[in-house]
Each structure stands twice: as structure tokens, then as C-alpha cells.
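Here is the structure we will look at, set down as C-alpha cells.
What follows is calculated from the coordinates using simple rules that are stated; it is not laboratory data. Values in this document were obtained by computation on a predicted structure and should not be read as measured data. Quick reminder, even Gly has a Cβ in these numbers, built from the backbone with ideal geometry, and neighbours come from all protein chains shown.
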């Protein structure tokens, strides 16, 4: 996590210096946008962290391990793929939940399938695609990526 933080700090410093040197108050506009984003997303982050914490204490680790652990095999990969697709929201909501499931004993392949299912099969993504791009594109994309979440989980178990 420290590497990600260092990388974000470096990018923020670089972009803020660049914005300042433009001389058009871009640095002020950027900070204003950042402040508004922080205000809008903070409640979601707090709730996602609270939910992730409670998931670790409410859901018995034995249940996670039996349904999603290494020994769950293909069943865990399929549940992970579908579970990932059903998590609403962006990474600031999804990843705390996924991390809590992983820390509770879900297998690596299941978690890979979970993340891949979230990114490729996401229910909210499908709703936006249907509304904005159309059913033809959505069905084509889903047909082309349908195998990848389970395949990613299975390949993780085989390779690792």
C-alpha cells in the first residue's frame, strides 16, 4: 500500500506543478474539483469500510472458507464471478468488500474471479451500456467476455 501512496503523491505533485505553471489558475480549479470529489465520495468510502469491517465479524470465516476458500474449487470461482458482478459501485466501494472477503479466507482464485466478474460483468455497467450504447453492443461485449471471470479464477488456481 505504501508504494501506491508514494506513486499517487508523485503524480499529484507532478500534475499540480504542471497546472500551476500553466498560469491559468488550473491548480486552483484542480483543488476545487478534488475537494468536491472528496465531499461527494467520502460517505461512500466510510460506508464501504464499515460494511467491510462488519462482514469480517458477522460472516463466520468457516462459511467463507467452505464456500469461497481454496477447497471450494470451481464452486468458489463461480460464486466469486457472480458475486463480483453483483457488487454495485466503483473500486472505492468494491475493493474494501473484496479485501474483507479475502482476509476472511476466500481463496486467491475466487478473489481473482470476484474482481474480474466485478470489472467485466458489473450489473451497473450493464445498465449504463444498455441505456447509453444499446443492447447490441452490450450483448456482444457480454458474449465476448463471459468466460473470463471463471477462467481467470481457474487459471489462478492452476498457476498459483
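Springs between alpha-carbon atoms under 10 Å, Gaussian network over the chain: tell me which of 115, 58, 46 tops the mean-square fluctuations.
Result: 58 has the largest fluctuation of those listed.
Hey, quick one: spin label on residue 1, modelled 7 Å out along Cα-Cβ, who in the range 104-122 has an amide N within reach, i.e. under 16 Å?
Flagged as within label range: 104.
If you stretched the chain out fully between residue 159 and residue 146, how much longer would it get, using 0.36 nm times the residue separation minus the C-alpha to C-alpha distance?
Net length gain for the segment: 2.6 nm.
At residue 71 and residue 136, where each label point lies 7 Å from the Cα along Cα→Cβ, what is the point-to-point distance in nanometres?
5.1 nm
So which residue, out of 74, 124, 140, gets the largest mean-square fluctuation from a GNM of the chain using Cα contacts under 10 Å as springs?
Between 74, 124, 140, it is 140 that shows the largest mean-square fluctuation.
Could you check which residue among 50, 126, 39 shows the biggest mean-square fluctuation in a GNM of the chain with a 10 Å Cα cutoff?
Highest fluctuation among the options: 39.
On a C-alpha basis, how far is the centre of the range 18-84 from the centre of the range 128-160 in Å? Whole number, if you could?
21 Å
Once label points are set 7 Å from the Cα along Cα→Cβ at both residue 126 and residue 86, what is their separation, rounded to one decimal in nm?
In this crude spin-label approximation the distance works out to 1.2 nm.
Given R₀ = 45 Å, what would the calculated FRET efficiency be for residue 32 paired with residue 103, taking r from the Cβ atoms and rounding to 0.05?
Approximately 0.80, to the nearest 0.05.
Using Cα pairs closer than 8 Å and at least 6 residues apart in sequence, work out the relative contact order for the chain, in percent. Let's see the in-between values first.
On the way: 180 pairs, mean separation 33.5, N = 160.
For the chain, the relative contact order is 21 percent.
Which values, in whole Å and largest first, are the semi-axes of the equivalent ellipsoid of the range 1-47 obtained as the square root of 5 times each eigenvalue of the Cα gyration tensor? Numbers along the way, then the final one.
Details: eigenvalues 104, 60, 3 Å².
Output for the range 1-47: semi-axes of 23, 17, 4 Å.
With N set to the residue count of the range 1-142, report its C-alpha Rg divided by 2.2 N^0.38 Å to two decimal places. Present the calculation step by step, with values, prior to reporting the outcome.
Details: Rg = 19.1 Å, N = 142, 2.2 N^0.38 = 14.5 Å.
Here the answer is 1.32, to two decimals.
Show log10 I(q)/I(0) for the range 59-159 at q = 0.17 Å⁻¹, two decimals, from a solvent-free Debye sum over equal Cα scatterers.
-0.71
Taking Cα atoms, how many degrees apart are the long axis of helix 123-132 and the longest axis of the chain, rounded to 10 and kept between 0 and 90?
With both axes taken from Cα atoms, the answer is about 60 degrees.
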